[in-house]
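The values are calculated or read from the model by the stated rules, or taken from the named source; none is laboratory data. The structure displayed is predicted, hence computed values, not measured ones. Cβ: placed from backbone, ideal geometry, glycine included. Neighbour counts: every protein chain shown.
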């Protein structure tokens, strides 16, 4: 498995051994609708004729695209990292990014933030705290392996930064993979609630309407004859995700993924169930 150089919140890297065998490889084209740190598209580059990696965060996609094209962003990102014991430098970089965003500034912030976690507020301003970290030798190793791999397939992959339902469902030959932010909870009466199944700050820009639009988008893919697979948290504590539960109720195939969240959770935290749902 190729590990990307982004310690991205919500990354599916630890679940790839379970996810990758579930894709529909009879389709020639693959769309990673919520590409994020890129763990999924990176590891199917040799399986499909053409791949689109999409994410609404344009500067994040800009990092991917820049690494595909050249090493220029590596040197500029290294120079922007404030380093350890420099919270003032981090604060200045964060302010500069929010005023004048560029891909290398975002990558430098991610590398320097708490747990390397990228987080935006509802105004799409970067607001993660300083993590007293930065570029290190392990980053160099990951970048080298990642760039060497994706550049082998430079002609196969394209990057885009669109709202998910702006990606056209243009044929019946596409495998769509969706790993969206946490969805809304299911109320006791079966309707969609107002709160997300997990109120994590990095999901602040995902609105209630997005759950409905994504559900409709998946139905559109199904009707087209293309394939979709969606992954996400079905249950967290005593809450259930409305959209995933509705897809299961609609009769789509699903599979529970095996991952011990208790190993990385605080004591006493209740069970989390992550699943994949597919229309084939």
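When residue 47 is tested against (1) within 19 Å of the chain's Cα centre (by Cα); (2) surrounded by fewer than 18 Cβ atoms within 10 Å (Cβ to Cβ); (3) assigned by TED's automatic domain parsing to the domain that holds residue 25, only condition (1) is not met. Of 53, 35, which residue is buried (at least 21 other Cβ atoms within 10 Å of the Cβ), in the same structural domain as residue 211 (by TED's automatic domain parsing) and more than 14 Å from residue 150 (Cα to Cα)? Criteria check complete, one pass: 35.
Being in a loop (DSSP other than H, G, I, E, B) and at pLDDT 95 or above holds for only one residue in 4, 9, 26, and it is 26. Name the residue, out of 199, 155, that is surrounded by fewer than 19 Cβ atoms within 10 Å (Cβ to Cβ) and either touching a strand residue (DSSP E or B) at 6+ places or on another chain (Cβ under 8 Å) or within 20 Å of residue 39 (Cα to Cα) (or both). Every option except 155 fails the conditions.
Checking each residue in the range 115-132 for being farther than 16 Å from residue 59 by Cα, more than 18 Å from the chain's Cα centre (by Cα) and surrounded by fewer than 17 Cβ atoms within 10 Å (Cβ to Cβ) picks out 129, 132. Within the range 237-247, how many residues are over 23 Å from residue 35 (Cα atoms) and assigned to a strand (DSSP E or B)? Within the range 237-247, residues that are over 23 Å from residue 35 (Cα atoms) and assigned to a strand (DSSP E or B) number 2. Just one residue in the set 221, 248 is buried (at least 18 other Cβ atoms within 10 Å of the Cβ) and at pLDDT 95 or above; that residue is 221.
For residue 45, indicate whether it is in a loop (DSSP other than H, G, I, E, B) and closer than 26 Å to residue 163 by Cβ. It is true that residue 45 is in a loop (DSSP other than H, G, I, E, B) and closer than 26 Å to residue 163 by Cβ. Are any residues in the range 261-280 over 20 Å from the mean Cα position of the chain (by Cα) and modelled with pLDDT under 95, and if so, which ones? Correct list: 262, 263, 265, 266, 267, 268, 269, 270, 271. Filtering 164, 146 for residues that are surrounded by 16 or more Cβ atoms within 10 Å (Cβ to Cβ), under 30 Å from residue 89 (Cα atoms) and either modelled with pLDDT of 95 or more or over 21 Å from the mean Cα position of the chain (by Cα) (or both) leaves a single hit, 146.
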